[in-house]
Amino acid sequence: MTDIGIKQVAEKIHSRLQRYLEAQYHIKDPGLIEERHRLLLEPGSIAQRPFVEVTPSYAVEDGFSRLKIPQIVSDLLTELVRFDHPSESTLLQASGRCARSFLRQELR
């Protein structure tokens, strides 16, 4: 599986837009076709470079222990905070562990 980042996405969008422009605006002269192709490849001719602004991470001072919530929920939230961008499978695994722990407590 190949990782796709912002650079690859921007290149793909640029390429598709370039192909669209070349297909929609027909030119018969081969010299002009080549010149247009070169101009469209230049940075900034179709779009700007991608700009990604990173959202700052916030530290949890006392965790969730001060909240008036069940301990099991506090534990789940504490576990989920460890992940910057939890995937669906990570969330399911953590909630599954939380549910199993809750059931064990209830069955005692």
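For the range 21-50, taking the residues that are of a type in the set (Asp, Glu) and surrounded by 11 or more Cβ atoms within 10 Å (Cβ to Cβ), the one that is nearest to Val9 (Cα to Cα) is identified as Glu22. Considering the range 54-68, the residues that are out of contact with any helix residue (DSSP H, G or I) (no Cβ under 8 Å at 6 or more places or on another chain) and modelled with pLDDT of 75 or more include one that is surrounded by the fewest Cβ atoms within 10 Å (Cβ to Cβ), namely Lys68. Scanning the range 1-41 for residues being within 25 Å of Phe51 (Cα to Cα) and outside any loop (DSSP other than H, G, I, E, B) gives a total of 21.
For the range 78-87, enumerate the residues that are more than 18 Å from Thr55 (Cα to Cα) and either at pLDDT below 70 or surrounded by fewer than 16 Cβ atoms within 10 Å (Cβ to Cβ) (or both). Working first, answer last.
Initial filter on the range 78-87 (more than 18 Å from Thr55 (Cα to Cα)): 78-79.
Thr78, the sole residue that qualifies.
The values are calculated or read from the model by the stated rules, or taken from the named source; none is laboratory data. All values derive from a computational prediction rather than experimental measurement. Ideal geometry is used to build each Cβ from the backbone, glycine not excepted, and the neighbour counts take in all protein chains shown.
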